[in-house]
Amino acid sequence: MITRTIATCQTEDWQNQLSTAFTSVNSLLEHLQIPKSQYPEWIQAEKDFPLRVPRAFVNKMSKGDINDPLLKQVLPLPLETLDIDGYVEDPLQELTANPIKGLLHKYRSRVLVILGSACAIHCRYCFRRHFPYQDNGISTKEMSLIIDYVGQNTDINEVILSGGDPLVTNNTRLSRLIKALEQIPHLRRIRFHTRTPVVIPERIDKEFIDILSQTRLQVLMVLHCNHAHEIDDLFTNAMAQLKNAGVTLLNQSVLLKGINDTPEALIELSESLFTAHILPYYLHLLDPVAGASHFDVNESIGKSLITTLLSALPGYLVPKLVREEAHRTSKTPISILTEESSQSCN
Ligand SMILES: *Cc1c(COP(=O)(O)O)cnc(C)c1O
Ligand code: SF4
């Protein structure tokens, strides 16, 4: 009886979590029992990109710790308003790679669809923090133009649903889209790039699992976890359901100063991901987006971290260190080979 009640409430539950997310610094700090005196003036940073953090994610933070690695990802800081050379609003020049509104076709075999404008959480380091999402929220008409584009371009075998966050979109709309995409014979895979299950695990509801189980397309989900503390039982259970539905689970992280830029943090992250049935995929060097420079970890530190991971973990738990650059045909892998080590191969 109790189980039944939970099952029928699930859909409403994730939407409820979306609408009851913390949107004020004051109430978040109060909830975490952090005295306001520990928090510097922010004002402008919060205005430019408002705070948004769902309760399930806040529940994974430790109380009373202004340096909590999850809190640091969402708390606006005065540092964000500094004007730093080389940090720009659209570092990937995505605004010029849109063949159709809501569609990015940068890499030959796969397209990225910007499904909706919203995210369940606002991450301070986000490279799309200045992206004019309002202009890219797509209508039914635009969706059919995107489907036509994929149908006419036989190079494309994979459609990536991104955003914003594609899982802020409801099941009815996702189901309609997947049904249209599976009619395209040359399409093999559909991939979700999402952080929603990490911050609202209830989003992986039965209806969504059914939609994924029924499609002929192979389904991948690339989660976005940056720290082992983001992985708890609720999230792990959601991942187990996806795994049972045949979904391939991968993770991408951003290398973030003061959050995951130590060997211990990255090793623990990889181990915890695997416990949750997820393999590490990419570790991104920060995109130089205005407002995020204080998160930057330089490339040589990134390389030495990967070297340490290689000696501590099995190869399948070491993510690929990459940078994303405008006008490239793929992400740019960062080689960890120094001149010295490549010479020693002779
Ligand atoms: C990252 C990205 C992809 C996917 O790249 P993979 O290497 O296949 O993960 C596709 N399109 C765009 C625009 C991207 O930024
Ligand atoms: S969920 Fe992803 S797209 Fe949304 S703010 Fe965070 S990093 Fe950016």
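The values are calculated or read from the model by the stated rules, or taken from the named source; none is laboratory data. Keep in mind that what you see is a predicted model, and the values were worked out from it rather than measured. Ideal geometry is used to build each Cβ from the backbone, glycine not excepted, and the neighbour counts take in all protein chains shown.
Note down all Cβ pairs under 7 Å where the first residue falls in region 98-110 and is in contact (Cβ under 8 Å) with a residue 60 or more places away in the chain, the second is assigned to a loop (DSSP other than H, G, I, E, B) and surrounded by 15 or more Cβ atoms within 10 Å (Cβ to Cβ), and they're at least six residues apart or on different chains.
Arg110/Ile156
Within region 60-69, identify whether any single residue is within 15 Å of ligand 2 (Cβ to nearest atom), without any contact (Cβ under 8 Å) to a residue 60 or more places away in the chain and under 26 Å from Val199 (Cα atoms), and answer yes or no.
no
What number of residues in region 283-306 are closer than 13 Å to Arg129 by Cβ and either in contact with a helix residue (DSSP H, G or I) (Cβ under 7 Å, 6 or more places away or on another chain) or crowded, with 20+ Cβ neighbours inside 10 Å (or both)?
Result for region 283-306: 6.
Please work out which one of (1) closer than 22 Å to Val219 by Cα; (2) touching a Phe, Trp or Tyr at 6+ places or on another chain (Cβ under 6 Å); (3) modelled with pLDDT under 90 is the condition Ile200 fails and give its number.
(3)
Yes or no, residue by residue, for (1) touching a Leu at 6+ places or on another chain (Cβ under 7 Å); (2) under 18 Å from Gln15 (Cβ atoms); (3) assigned by TED's automatic domain parsing to the domain that holds Arg328; (4) not in a loop (DSSP other than H, G, I, E, B):
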site	(1), (2), (3), (4)
Leu104	yes, no, yes, yes
Cys119	no, yes, yes, no
Arg128	no, no, yes, no
Glu142	no, no, yes, yes
Thr154	no, no, yes, no
Ser175	no, yes, yes, yes
Ala180	no, no, yes, yes
Ile190	yes, no, yes, yes
Phe208	no, yes, yes, yes
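Answer yes or no as to whether Gly258 is closer than 27 Å to Phe192 by Cβ and assigned to a loop (DSSP other than H, G, I, E, B). Walk me through it before giving the result.
Working: closer than 27 Å to Phe192 by Cβ: no; assigned to a loop (DSSP other than H, G, I, E, B): yes.
Against the criterion (closer than 27 Å to Phe192 by Cβ and assigned to a loop (DSSP other than H, G, I, E, B)), Gly258 does not qualify.
Identify, please: which residue in region 106-117 is within 13 Å of ligand 2 (Cβ to nearest atom) and part of a loop (DSSP other than H, G, I, E, B) and is, among those, farthest from Val58 (Cα to Cα)? So that I can check it myself, show each step before the final result.
If we filter region 106-117 for residues that are within 13 Å of ligand 2 (Cβ to nearest atom), which is where we start, we get 112, 114-117.
So of that shortlist, the ones also part of a loop (DSSP other than H, G, I, E, B) come out as 115-117.
Details: Leu115: 26, Gly116: 24, Ser117: 23 Å.
In this case the residue turns out to be Leu115.
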